[in-house]
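Each remark here refers to the structure printed beneath this line.
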Amino acid sequence: MNQSVNKKVVHVGVIGAGGRMGRMLIEAVNDNPKTTLNAAIERQGSSLVGADAGEVAAIGRLDVQIVDDLKSVVQDIDVLIDFSLPDATEQNMQICAEHNVAMVIGTTGFNEQQEQVLAKASEEVAIVYAGNYSTGVNLSLKLLGMAAKAFGTAADVEVIEAHHKHKIDAPSGTAYMMAEAVAEARGQNLKDVAVYGREGQTGEREAGTIGIHAIRGGEIIGDHTVMFIADGEVVEITHRARARMTFAAGAVRAATWVIEQQTGQYNMQDVLGLND
């Protein structure tokens, strides 16, 4: 169990402090009475290294200087929040595991090797790993499981997601989570039934498959719809994000929760008590 369980305030570090999500996370940490920002990390060569993290986040001076090396500040934090890129997160997991620092990870797009690093790190420290930290999305995942069990394979399922034009990965991590929730509830392996985009398809839609589609454009924060299309009726479960602070505040909530857990890998549904 992490050392900060008995502390009144959780000492948090934020990776990617100068990015859009990083600035939101800094603000969310500052807004939460249970947390304080003790470290802010940017990539090597960033012009923001040396700047005050609070001023970069436009919330006023916090007297936390942005650094470019996690190792130099890892001893000062109880939990690291990392919404960066897979290669960077892989290195950060190893560092945190070595120094008994819990993690909240929102990075998506891990390959199999990085998934193995995550599994190994979670044997040493508690890690919350989720493709989405919004309460609404995680409630939607529960509803999707219920709908999938009720319909079974009698309903065709299509997952449609839309994000801003700057998003790197497609489909989104949340779209995968939603598709996996449906597949798991139906006793399927998503890898065996997922169909992406349907480009070049000839012939009828194969029964039991799950369609996944990605839209990119403008400044859409994140829209996800799952359609259960049965003969004679259609059920849609939709979540639309309207502010990125929703994700940041959820990640900080996870940070206050994870430091009280034993080693292992958890998700946001664990944080919210939806898996109890």
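Tell me yes or no: at least one residue of the stretch 21-33 is of a type in the set (A, V, I, L, M), under 27 Å from residue 167 (Cα atoms) and modelled with pLDDT under 95.
Scanning the stretch 21-33 turns up at least one residue that is of a type in the set (A, V, I, L, M), under 27 Å from residue 167 (Cα atoms) and modelled with pLDDT under 95.
Restricting to the stretch 121-143, and then to whatever is β-branched (Val, Ile, Thr) and in a strand (DSSP E or B), can you tell me which residue is nearest to residue 272 (Cα to Cα)?
Ranking the candidates gives 128 first.
Counting only residues that are in a helix (DSSP H, G or I) and in contact with a His (Cβ under 7 Å, 6 or more places away or on another chain), which one in the stretch 75-97 is farthest from residue 9 (Cα to Cα)?
75
Can you pull out the residues in the stretch 231-259 that are out of contact with any strand residue (DSSP E or B) (no Cβ under 8 Å at 6 or more places or on another chain) and of a type in the set (Phe, Trp, Tyr)?
none
Regarding the stretch 25-35, can at least one residue be identified that is closer than 27 Å to residue 264 by Cα, out of contact with any helix residue (DSSP H, G or I) (no Cβ under 8 Å at 6 or more places or on another chain) and loosely packed, with under 14 Cβ neighbours inside 10 Å?
yes
What number of residues within the stretch 53-68 satisfy the criterion of being exposed (fewer than 12 other Cβ atoms within 10 Å of the Cβ) and more than 15 Å from residue 19 (Cβ to Cβ)?
Counting residues in the stretch 53-68 that are exposed (fewer than 12 other Cβ atoms within 10 Å of the Cβ) and more than 15 Å from residue 19 (Cβ to Cβ) gives 3.
For the stretch 235-251, does any single residue satisfy the condition of being touching a Ser or Thr at 6+ places or on another chain (Cβ under 6 Å) and over 23 Å from residue 159 (Cβ atoms)?
The answer is no; no qualifying residue exists.
Need a quick list: strands (runs of 3 or more DSSP E) entirely within the stretch 144-228 having at least 3 residues that are surrounded by 17 or more Cβ atoms within 10 Å (Cβ to Cβ).
In the stretch 144-228, 156-163, 210-216 are the strands (runs of 3 or more DSSP E) which contain 3 or more residues that are surrounded by 17 or more Cβ atoms within 10 Å (Cβ to Cβ).
The values are calculated or read from the model by the stated rules, or taken from the named source; none is laboratory data. As the structure is a computational prediction, the values presented were derived from the model and not from experiment. Virtual Cβ from ideal backbone geometry, glycine too; neighbours counted across all protein chains shown.
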